[in-house]
Amino acid sequence: MRYETIKSVLLVFLVITSGVLTWNLWTFHPKYEFNDEKHVHEVSISDPKDIADVIRPVKLLLHTDSGHFGIVDEKKVGETLQELSSWNFYDLGNERVYSQDQIMALSQREKSLELIFPDLVPFDLYKGILKFESERLPAGSFDRLVIYWEDESKEDGTAYFIASKEGKVYESHVNHDYIQALFTRLKNQESQFPEFERYELPDGRVKYLPAKETVMYRYNYYADYIDPNKFTRALFKDPSLVRKTSEDSATEKFRDSTSEMNVDKSTSTIFYVNPSQAIDPAAGQADMDLLKRSIDFINEHKGWTDNYKYFSVDPSTQKVTFQLFLKGYPVFNVEGMSEIKLYWGKEEVYQYRRPYFSLDIPLPHPEKVNMSSGEEVMDTLLADPSIDINKLQELILGYRIYKNPENSKVIILDPSWYYLYDGTWERFEAKDVRGNLRGLG
């Protein structure tokens with residue numbers, strides 16, 4: 001009798017369980033999550049980078065009672081930036097409008113340190129690198145940070161964030177002990193830094209240029225070439241719809257229904273364009289998020305194939321440029337071999353230009369080159385009657401990059417002086433002052 005009872009109970013249990021499972025199966029509706037965000041293809045071309053690695057000062061100027069010293073070495077610039085990242089900047093005031101003469105006097109005072117960025121950096125973007133006491137930061141930007149070595153009797157020191165082009169200045173304060181420690185370290189290393197001299201232009205502007213010849217080296221590198229197909233998978237919305245429309249010894253072209261990517265094999269560069277994103281130039285838009293959007297875009301496909309740094313932004317054309325750097329100096333090439341350039345459209349990237357190679361293995365025995373002093377180069381430029389002093393903006397040392405004509409696998413980097421003239425970087429050549437950049441690089 002007990003055995004029959006157990007069988008009956010077990011049968012009833014199985015019937016009920018079967019009924020519940022059947023009901024759940026009939027009434028089950030799976031949940032599908034729809035994502036309206038732009039699809040990002042998982043393509044790893046290189047490595048992602050943090051903002052601190054991309055946005056950095058290109059030069060430090062130390063003004064002391066014994067002279068002026070310039071620092072471009074990436075390691076030494078990094079040491080100072082790392083030290084500043086532990087500080088707390090407080091009492092950051094609202095913007096004040098200064099004349100260019102006032103800004104020049106502010107940034108060139110004795111016992112001060114100037115951190116010079118290549119272009120404007122939004123406060124909101126740099127708050128992760130420098131610590132600000134206030135949670136609410138100005139909606140502006142800066143391209144110079146000037147720190148004063150104040151009298152030791154004061155409790156705090158002064159730091160100025162300057163937007164030199166706009167004539168805007170933001171005053172802040174820092175614990176004096178931090179500044180004392182920084183300047184003590186830099187003063188102890190002073191002999192390691194190249195001496196700079198103050199050069200006043202005929203229009204009253206002042207530039208600080210290397211006082212003596214600078215020893216640089218001509219480098220040769222084996223290049224590591226990246227398959228351009230990786231960029232088609234990263235840039236096009238649906239890579240399965242991309243077709244190669246033409247190919248010859250010099251170029252390749254890929255396209256889908258809205259976008260196109262051209263590959264230039266002679267320079268190892270690509271040019272991607274999405275015409276549907278074009279913006280009416282007359283509509284120009286000021287977008288302070290341009291820089292962050294650009295860094296995020298390149299990080300999405302891990303496109304930092306070399307030592308690229310933020311170099312310029314132009315809100316009027318929605319353009320952001322990242323420049324290749326070597327040994328702390330910018331690298332130039334008129335055909336796009338040394339820069340990543342983005343133009344933003346209505347919602348997404350409109351144009352994207354960049355190299356698809358990286359400097360891989362340095363060849364041994366680089367050739368030593370003695371570069372003329374800054375004063376000598378500037379004197380030569382100003383003696384040229386075709387130079388309009390009002391259009392001469394900057395003069396810096398850098399490298400010219402180009403392929404070895406006898407072996408395209410080898411990349412050559414020549415030390416060169418460059419000057420920014422009417423918004424364009426041009427290579428200085430003593431025999432032909434304006435230079436001819438349309439040649440090898």
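The values are calculated or read from the model by the stated rules, or taken from the named source; none is laboratory data. This structure is a prediction, so every number in the text was calculated from the model and none was measured. For neighbour counting, all protein chains shown are included, and Cβ atoms are generated from backbone atoms with ideal geometry for every residue, glycine included. These area figures cover heavy atoms from the full protein model, side chains too; ligands, DNA and RNA do not enter into them. Shrake-Rupley method; radii C 1.70, N 1.55, O 1.52, S 1.80 Å.
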Q.
Within the range 377-392, does at least one residue satisfy the condition of being surrounded by 14 or more Cβ atoms within 10 Å (Cβ to Cβ), in a strand (DSSP E or B) and hydrophobic (A, V, I, L, M, F, W, C)?
A. yes
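Conditions tested, residue by residue: (1) of a type outside the set (S, T, N, Q); (2) surrounded by fewer than 13 Cβ atoms within 10 Å (Cβ to Cβ); (3) under 30 Å from residue 366 (Cβ atoms).
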| residue | (1), (2), (3) |
| --- | --- |
| 141 | no, no, no |
| 163 | yes, no, no |
| 174 | yes, no, no |
| 177 | yes, yes, no |
| 189 | no, no, yes |
| 197 | yes, no, yes |
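If I ask for residues that are open to solvent by less than 100 Å² (accessible area, probe 1.4 Å) and over 30 Å from residue 204 (Cβ atoms), which ones from the range 123-138 would you list? Break it down stepwise before answering.
Residues of the range 123-138 that are open to solvent by less than 100 Å² (accessible area, probe 1.4 Å), as a first pass: 123-126, 128-130, 132, 134, 137-138.
Answer for the range 123-138, where residues must be open to solvent by less than 100 Å² (accessible area, probe 1.4 Å) and over 30 Å from residue 204 (Cβ atoms): 124, 125, 126, 128, 129, 130, 132, 134, 137.
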Given (1) open to solvent by 30 Å² or more (accessible area, probe 1.4 Å); (2) touching a residue at least 12 places away in the same chain (Cβ under 8 Å), residue 374 misses just (1)
I'd like to know if the range 201-208 contains one or more residues that are in contact with a Phe, Trp or Tyr (Cβ under 8 Å, 6 or more places away or on another chain) and either of a type in the set (Asp, Glu) or within 13 Å of residue 70 (Cα to Cα) (or both). yes
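The rows are residues; the columns are (1) under 28 Å from residue 394 (Cα atoms); (2) at pLDDT 95 or above; (3) surrounded by 11 or more Cβ atoms within 10 Å (Cβ to Cβ); (4) of a type in the set (A, V, I, L, M, F, W, C).
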| site | (1), (2), (3), (4) |
| --- | --- |
| 4 | no, no, no, no |
| 7 | no, no, no, no |
| 28 | no, no, no, yes |
| 42 | no, no, no, no |
| 61 | yes, yes, yes, yes |
| 65 | yes, no, no, no |
| 92 | no, no, yes, yes |
| 106 | yes, no, yes, yes |
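Take the range 247-266 and flag every residue that is assigned to a strand (DSSP E or B) and of a type in the set (Val, Ile, Thr). Step through it out loud before you land on a result.
Just the residues of the range 247-266 that are assigned to a strand (DSSP E or B), to begin with: 247, 251-255, 260-264.
Hits for the range 247-266 are 251, 263.
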(Q) Considering only the range 118-137, I want to know if a residue exists there that is under 23 Å from residue 176 (Cβ atoms) and over 24 Å from the mean Cα position of the chain (by Cα). (A) yes
Apart from one, (1) open to solvent by 30 Å² or more (accessible area, probe 1.4 Å); (2) under 27 Å from residue 75 (Cβ atoms); (3) among the β-branched types (Val, Ile, Thr) all hold for residue 340; the odd one out is (1)
Within the range 202-212, residues surrounded by 14 or more Cβ atoms within 10 Å (Cβ to Cβ) and either of a type in the set (Ser, Thr, Tyr) or in a loop (DSSP other than H, G, I, E, B) (or both) come out as 205, 208, 211, 212
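Restricting attention to the range 226-246, does a residue exist that is in a strand (DSSP E or B) and among the polar types (S, T, N, Q)? Spell out the reasoning first.
Residues of the range 226-246 in a strand (DSSP E or B): 243-246.
Then keep just the ones that are among the polar types (S, T, N, Q); that gives 245-246.
Checked against the condition, which is being in a strand (DSSP E or B) and among the polar types (S, T, N, Q), the range 226-246 yields at least one hit.
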Scanning the range 237-253 for residues that are more than 19 Å from residue 276 (Cβ to Cβ) and hydroxyl-bearing (Ser, Thr, Tyr), the one most open to solvent (accessible area, probe 1.4 Å) turns out to be 249
